[in-house]
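The values are calculated or read from the model by the stated rules, or taken from the named source; none is laboratory data. Because the structure is a prediction, the values reported are computed rather than measured. Cβ: placed from backbone, ideal geometry, glycine included. Neighbour counts: every protein chain shown. We work out accessible area using only protein heavy atoms, side chains counted, and drop any ligands, DNA or RNA first. Shrake-Rupley method; radii C 1.70, N 1.55, O 1.52, S 1.80 Å.
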Amino acid sequence: MISKQQLLWCTPLLALSYIIYIRSLICFPKESSTTSWGAPIVWEGTFDREEENLLHRVRGTVVGLSVFAVGKYLETYLEDFLVSANRFFMPGLPCVVYILTDRPSDVPKIHERSGMSITILKVTKQDRWQDISMLRMMDLRDVVLPLAHDQVDYLFCMDVDQIFTSDYGPEALGDLVAQLHSGYYLASKKNFPLERNPSSVAFIPPWMGTFYYHGAVFGGTPTHLTNLTSSCLRGILEDKKRGVEAIWHDESHLNRYLTMERPPSKLLSPEYCWDKRLWLRYHKMSWAPKNYAKKRERPRHMKP
């Protein structure tokens, strides 16, 4: 017969074993390597790093990275983002970083690695965080992409409050690249926060939506991104005329485009935009520690 003291000793061990077991299921996700339309889903181990690097070096691939740093986001997050990108974003390939900011003189200076250059572009700061989020599609289309067409082969558009944590390499490159939202990776499709209001241009019918894509990371060729940003911007401006605002703003319009107009040619696993709710063995980028007292704008949803 088990004594009360023995039971007290066993309970924490059983609880710990259960936690380790549950987390092990998340740590090694059994996810298909391709979508139903044939697009690869990139996980560590599904690609040959040396082969990818050699292929793009031979091609002379140049990669762009666009990031918005307006208001308090500039001093709170930009330097850490740039330092980590300098180390981990597309190592070995020439890169152009486009910083869009309302305060160009306050952009921190870093010592860029060989082959990386920084271009600072001035944009107007919006009063509402929702407008900052939505109208970045306009700045991407009108400010960044005209330069990117002549300067880079691929471009990634990212939120600034993230930090690269390991090599974010050319395996992520593609014509149109979408990021699986780690906050909804384990959710059922019926719980995806897609826009279900038919009054919004971002509306997606209830029977549609295989994946939920994160607006914090997307990429592709400049031509594909011009089509994406133009479509999203049209929807955003039409919603404004109607007096409607999509549930998750530009992210809702991004999901509509990728779901109903042009599916992505490549998907990135949660390893490429990780938060601590998923225990993954590998991660390429994670959310920066939040300093809510220091910044004014509300962060994108589902961030820790």
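Checked against (1) farther than 23 Å from I163 by Cα; (2) in contact with a strand residue (DSSP E or B) (Cβ under 9 Å, 6 or more places away or on another chain), S230 meets all criteria but (2).
Reported count of residues in region 178-211, each being touching a Pro at 6+ places or on another chain (Cβ under 7 Å) and hydroxyl-bearing (S, T, Y), is 2.
Suppose we filter region 51-65 for residues that are charged (D, E, K, R) and either at pLDDT below 95 or touching a helix residue (DSSP H, G or I) at 6+ places or on another chain (Cβ under 8 Å) (or both); how many remain?
In the first step, residues of region 51-65 are kept if they are charged (D, E, K, R); the result is 51-52, 57, 59.
Then drop every residue that is not either at pLDDT below 95 or touching a helix residue (DSSP H, G or I) at 6+ places or on another chain (Cβ under 8 Å) (or both), which leaves 52.
Summing the residues that are charged (D, E, K, R) and either at pLDDT below 95 or touching a helix residue (DSSP H, G or I) at 6+ places or on another chain (Cβ under 8 Å) (or both) in region 51-65 gives 1.
Scanning region 194-205 turns up no residue that is closer than 15 Å to P264 by Cβ and touching a His at 6+ places or on another chain (Cβ under 7 Å).
For region 274-285, give me each residue that is closer than 23 Å to Y77 by Cα and either out of contact with any Lys or Arg (no Cβ under 8 Å at 6 or more places or on another chain) or without any contact (Cβ under 8 Å) to a residue 24 or more places away in the chain (or both). Reasoning before the result, please.
As a first pass, look at region 274-285 and keep what is closer than 23 Å to Y77 by Cα: 274-278, 282-285.
Across region 274-285, the qualifying residues are K276, R277, L278, Y282, H283, K284, M285.
Residues that are of a type outside the set (D, E, K, R) and surrounded by 17 or more Cβ atoms within 10 Å (Cβ to Cβ) were ranked within region 164-174; the one that is nearest to E79 (Cα to Cα) is F164.
Is one or more of the residues making up region 147-154 without any contact (Cβ under 8 Å) to a residue 40 or more places away in the chain, in contact with an Asp or Glu (Cβ under 9 Å, 6 or more places away or on another chain) and either of a type outside the set (A, V, I, L, M, F, W, C) or open to solvent by 40 Å² or more (accessible area, probe 1.4 Å) (or both)? No: zero hits.
So that you can scan it fast, the table gives a plain yes or no per residue for (1) over 24 Å from E171 (Cβ atoms); (2) out of contact with any Leu (no Cβ under 8 Å at 6 or more places or on another chain); (3) open to solvent by less than 20 Å² (accessible area, probe 1.4 Å):
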position: T46; (1), (2), (3): no, yes, no
position: G64; (1), (2), (3): no, no, yes
position: Y77; (1), (2), (3): yes, yes, yes
position: T101; (1), (2), (3): yes, no, yes
position: D106; (1), (2), (3): yes, no, no
position: G115; (1), (2), (3): no, no, no
position: T119; (1), (2), (3): yes, no, no
position: R136; (1), (2), (3): yes, no, yes
position: D139; (1), (2), (3): yes, no, no
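In this structure, does V143 turn out to be in contact (Cβ under 8 Å) with a residue 12 or more places away in the chain, crowded, with 16+ Cβ neighbours inside 10 Å and under 14 Å from G64 (Cα atoms)?
Values: in contact (Cβ under 8 Å) with a residue 12 or more places away in the chain: yes; crowded, with 16+ Cβ neighbours inside 10 Å: yes; under 14 Å from G64 (Cα atoms): yes.
Here the answer is yes, as V143 does meet what is asked.
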